[in-house]
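Right, one structure below, let's go through it.
The values are calculated or read from the model by the stated rules, or taken from the named source; none is laboratory data. Predicted, not measured: the structure shown is a model, and the values here were computed from it. Glycine gets a Cβ as well: all are built from the backbone with ideal geometry, and neighbour counts include every protein chain shown. Each accessible area value is taken on the protein alone, full model and side chains, heavy atoms only, with ligands, DNA and RNA left out. Shrake-Rupley method; radii C 1.70, N 1.55, O 1.52, S 1.80 Å.
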Amino acid sequence: MMDLLPDLCDEHPEKVKILAPIFKDFGAQTTFWGKVVTVRCFEDNSRVRELVATPGTGKVLVVDGGGSVNRALMGDQVAATAMENGWAGVVINGAIRDAAAISAMALGVKALAASPMKTEKRGLGETDLAVTFAGVTINAGDYLYADINGILVSQEALSHPSF
């Protein structure tokens with residue numbers, strides 16, 4: 001696989017915003033891209049569970065967990081549901097758990113860290129709104145591209161020979 005992000009930055013420098021390099025790869029799929037669906041939730045993954053249970057083909061779920069690593073916003077069951085429903089990947093400004101199981105899944109997963117503690121289920125969280133973290137504001141409907149070089153977003157789909 002080619003290095004996707006350097007190519008996109010070379011081809012479309014005026015169209016991309018690069019997230020700060022604070023995320024780790026947890027899923028087996030390290031290169032992924034798609035149209036962004038956003039959710040903001042703090043130590044409660046109720047909305048994350050709801051969203052990954054919907055069709056996700058061609059989509060990336062961007063979760064703003066406020067940077068908290070106290071509770072994991074995704075575990076192996078939520079990741080498996082995302083994979084079964086065709087999500088390209090998940091980027092979490094927060095933590096995941098069940099890191100060994102997720103590392104074997106053909107799903108793109110980037111997060112700040114792993115934490116063994118699950119979230120409380122209080123039904124909290126907001127979807128389809130602009131979220132800001134890692135120095136970038138990401139809007140629902142933007143396009144996100146990720147590989148081992150990092151993460152970038154664009155307001156429009158970018159062309160590249162890989163897709």
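Report every pair of residues separated by at least 6 positions or lying on different chains whose Cβ atoms are under 6 Å apart, first residue within segment 3-24 and among the aromatic types (Phe, Trp, Tyr), second surrounded by 13 or more Cβ atoms within 10 Å (Cβ to Cβ) and not in a strand (DSSP E or B).
Going by the 6 Å Cβ cut-off, there are no qualifying pairs.
For segment 48-79, give me each residue that is in a loop (DSSP other than H, G, I, E, B) and at pLDDT 95 or above.
Selection gives ALA53, THR54, PRO55, GLY56, GLY65, GLY66, GLY67, SER68, VAL69, ASN70, ARG71, GLY75.
Name, by its number, the condition in (1) within 13 Å of the chain's Cα centre (by Cα); (2) within 12 Å of VAL90 (Cβ to Cβ) that does not hold for ASN45.
Only one criterion is unmet by ASN45, namely (1).
When the residues of segment 11-25 are filtered to those that are in contact with a strand residue (DSSP E or B) (Cβ under 9 Å, 6 or more places away or on another chain) and assigned to a loop (DSSP other than H, G, I, E, B), which remaining residue is surrounded by the most Cβ atoms within 10 Å (Cβ to Cβ)?
Residue satisfying both the conditions and the ranking: LEU19.
Quick check on segment 37-47: of everything there that is part of a loop (DSSP other than H, G, I, E, B) and in contact with a helix residue (DSSP H, G or I) (Cβ under 8 Å, 6 or more places away or on another chain), which residue is nearest to TYR143 (Cα to Cα)?
Out of the qualifying residues, it is CYS41.
Kindly list the number of the only condition in (1) out of contact with any Gly (no Cβ under 6 Å at 6 or more places or on another chain); (2) open to solvent by 10 Å² or more (accessible area, probe 1.4 Å); (3) among the β-branched types (Val, Ile, Thr); (4) within 17 Å of ALA157 (Cα to Cα) that fails for THR54.
Every condition holds for THR54 apart from (4).
Suppose we keep only residues that are buried (at least 19 other Cβ atoms within 10 Å of the Cβ) and free of Cβ contacts under 8 Å to residues at least 40 places away in the same chain within segment 95-132. Which one would you say is farthest from ASN45 (Cα to Cα)?
Among residues in segment 95-132 that are buried (at least 19 other Cβ atoms within 10 Å of the Cβ) and free of Cβ contacts under 8 Å to residues at least 40 places away in the same chain, the one farthest from ASN45 (Cα to Cα) is ASP98.
Cβ contacts < 6 Å: first residue over 17 Å from LYS110 (Cα atoms) and of a type outside the set (Val, Ile, Thr), restricted to segment 51-62; second residue at pLDDT 95 or above and outside any strand (DSSP E or B), any location; separation 6+ or different chain. Result?
From residues that are over 17 Å from LYS110 (Cα atoms) and of a type outside the set (Val, Ile, Thr), the pairs are ALA53/THR81; PRO55/ASN85.
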